[in-house]
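Okay, structure first, notes after.
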Amino acid sequence: MSFNLLKQYQDLIAQNEEVVLEDWLHHKDVQDIFIEHDIDAKFFKENYARNIFAYYMGVIDGSTQIGDCPVMGEYLDFLYDKNVMPDQLFMICTYFRKSLMHLSFNTNIISLELYDELSYIIDHNLKGVLERFRKIIFDKDQAIETQSQLLVQYKVVIDEGFIVSMANLSGEIIYVNDKFCTVSGYEEEELLGNHYSMIKHRDTDPDVFKSMWDTLLCKHSWQGILQNRKKNGDSYYVQTHITPILDTSGNIVDYFSISHDLTEVFMLQNELVQTQKEIIFRLSELSESRSQEAGNHIKRVAGYAKHLASLLNLDQKSIDDIYFASPMHDIGKIGIPDSILMKAGPLSEDEWKTMKTHSEIGYEIFKDSKRSILQAAATISHEHHEKFDGSGYPRGIRNDEIHIYARIVTIADVFDALATDRVYKKAWSFEDIIALFKEEKGKHFDPEIVEVFLDNLDDFIEIKANNT
Ligand SMILES: [Fe+2]
Ligand SMILES: [Fe+2]
């Protein structure tokens, strides 16, 4: 088919490009499709319509084959992504033919032959366009189908292993999977529509929730460990990953949460810690019964040491370690014969030598332990008779060669020994105790710790009163 008449009028058509494009894109039916699918007419005109027009010019002058439109693929992908239906595509194409026909009427080129030529190009092209569009729809539908199958498989895997839930902006639960129900002990109906706080455990640190909300409201994912509450009141622990779900404008619409149940791990860890604490408690009792100290001495030493450690701004783990380990400072006395330990009168030089070995006996008991509390016990036992100026025993170490735990416990231990009645002596007055600490500052005791101790003496007197 040759396009004699079209060729003859091609210059005229080309000069009227703007008229044709405006007529095409401003037809009411085309405008309605654009509005329905949120298509910007200006964008469409510059990116697609102008190139389509150029392609038709190419077909007319024979430089381009029908069907070889360079933007056709991109144009059809664009319309597909905008959810334009095939019948709407047909309508858009039809109005292009109409706008060309309008031009011929308006310029008085009314000819059946011209209409035939134009129809030939448009119809042949339209056939190709619709086939191509159908293929795009088919391929994309196939891809969506494959993706949905994959998503279903992901969901199965995730549901088997994880606790999954969704909440809306107000924190109301809008989705839970079976595992969520199994772990929390609630039925799905009891959870849906209720606020998330129904599973929140009151023991969870408020700072955890603060950090969580600060992160989520910045549209970032948050992860951390949460202690939750089951329907029966028991706790369960989860490692949780929460992601805000955003709409197309970037606003948060929902929160998606995926969690891993850590309850068993926490229980085991807790049991281990409790076991350690119980062994320590029993050992401390044994130590007290052997050391011939006034009742509750080790409890008070632990209390003073803990308070001093926190006044000195030690980290929480160190404060805990010193609290649980300090009662064992004299555990080595279990290795001292009763004849020396219980002797009423003064000790001979040899007996005193034996007595002093309790520091090292205690150290030997714990030194190979890998548990931090027992390591602290080894250090405290070893160094609680060392003096700041190096005149103590067993090694005569000085200053910060002596571990801070031991420097703290030494002060706590001596304070309690002076402030309480013993079989062989009455308690000292606080004035005398203060005078001694001032006198021994930098000699027996770490001067900085003595400062803190004396500055807060009332706290220590109160701890003493509560444990007598
Ligand atoms: Fe001791
Ligand atoms: Fe003691």
Can Met85 be described as aliphatic (A, V, I, L, M), more than 19 Å from Ile35 (Cβ to Cβ) and at pLDDT 85 or above? no
Go through region 382-412 and give me each residue that's within 15 Å of ligand 1 (Cβ to nearest atom) and in contact with a strand residue (DSSP E or B) (Cβ under 7 Å, 6 or more places away or on another chain). Thr410, Ile411
It is to be established whether one or more residues within region 248-260 are touching a helix residue (DSSP H, G or I) at 6+ places or on another chain (Cβ under 6 Å) and either part of a loop (DSSP other than H, G, I, E, B) or buried (at least 18 other Cβ atoms within 10 Å of the Cβ) (or both). no
Do the conditions hold for Ile408, that is, is it farther than 23 Å from Pro346 by Cβ, of a type in the set (A, V, I, L, M), surrounded by 17 or more Cβ atoms within 10 Å (Cβ to Cβ) and more than 16 Å from ligand 2 (Cβ to nearest atom)? no
Can you give me the number of residues within region 1-35 that are assigned to a helix (DSSP H, G or I) and touching a residue at least 24 places away in the same chain (Cβ under 8 Å)? 18
List pairs: first in region 262-286 and in contact (Cβ under 8 Å) with a residue 24 or more places away in the chain, second in a helix (DSSP H, G or I) and of a type outside the set (A, V, I, L, M, F, W, C), Cβ under 7 Å, 6+ apart or cross-chain? Ser284/Pro327
What are the residues in region 418-451 that are assigned to a helix (DSSP H, G or I), crowded, with 17+ Cβ neighbours inside 10 Å and among the hydrophobic types (A, V, I, L, M, F, W, C), if any? Leu418, Ala419, Ile433, Phe437, Ile449, Val450
For region 341-376, give me the residue count where each residue is of a type outside the set (S, T, N, Q) and either in contact with a strand residue (DSSP E or B) (Cβ under 6 Å, 6 or more places away or on another chain) or away from ligand 1 (no atom under 13 Å from the Cβ) (or both). 20
How many residues does region 110-124 hold that are in a helix (DSSP H, G or I) and of a type in the set (Gly, Ala, Ser)? 1
Six or more apart or on different chains, Cβ under 9 Å: which pairs go from a residue in region 314-342 that's farther than 17 Å from Gln276 by Cα and free of Cβ contacts under 8 Å to residues at least 24 places away in the same chain to one that's away from ligand 2 (no atom under 14 Å from the Cβ) and among the β-branched types (Val, Ile, Thr)? Could you list them? Pro337/Thr354; Ile340/Thr354
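Considering only residues that are of a type in the set (Phe, Trp, Tyr) and under 26 Å from the mean Cα position of the chain (by Cα), look in region 124-168 and name the one that is surrounded by the most Cβ atoms within 10 Å (Cβ to Cβ).
Phe162
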Given (1) in contact with a strand residue (DSSP E or B) (Cβ under 9 Å, 6 or more places away or on another chain); (2) assigned to a loop (DSSP other than H, G, I, E, B); (3) touching a residue at least 24 places away in the same chain (Cβ under 8 Å), Gly193 misses just (3)
Conditions first: (1) touching a helix residue (DSSP H, G or I) at 6+ places or on another chain (Cβ under 8 Å); (2) touching a residue at least 12 places away in the same chain (Cβ under 8 Å). Ser310 passes all but one, so which condition is the exception? (2)
Taking first residues from region 377-395 that are touching a residue at least 40 places away in the same chain (Cβ under 8 Å) and second residues anywhere that are part of a loop (DSSP other than H, G, I, E, B) and within 15 Å of ligand 2 (Cβ to nearest atom), the pairs with Cβ under 6 Å that are 6 or more apart or on different chains are Ile380/His329; Ser381/His329; His384/His329; Lys387/His444; Gly392/His385; Gly392/Glu386
With out of contact with any helix residue (DSSP H, G or I) (no Cβ under 9 Å at 6 or more places or on another chain) and modelled with pLDDT of 90 or more as the only criterion, which of Glu364, Glu349, Glu360 stands out? Glu349
If you scan region 237-294, which residues turn out to be farther than 30 Å from Gly362 by Cα and of a type in the set (A, V, I, L, M, F, W, C)? Val238, Ile242, Ile245, Leu246, Ile252, Val253, Phe256, Ile258, Leu262, Val265, Phe266, Met267
For region 91-109, does any single residue satisfy the condition of being in contact with a Gly (Cβ under 8 Å, 6 or more places away or on another chain), surrounded by 17 or more Cβ atoms within 10 Å (Cβ to Cβ) and part of a helix (DSSP H, G or I)? no
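The values are calculated or read from the model by the stated rules, or taken from the named source; none is laboratory data. Bear in mind the structure is a predicted one, so any value in this text is a computation, not a measurement. Glycine also receives a Cβ, built like all others from the backbone with ideal geometry; neighbour counts cover every protein chain displayed.
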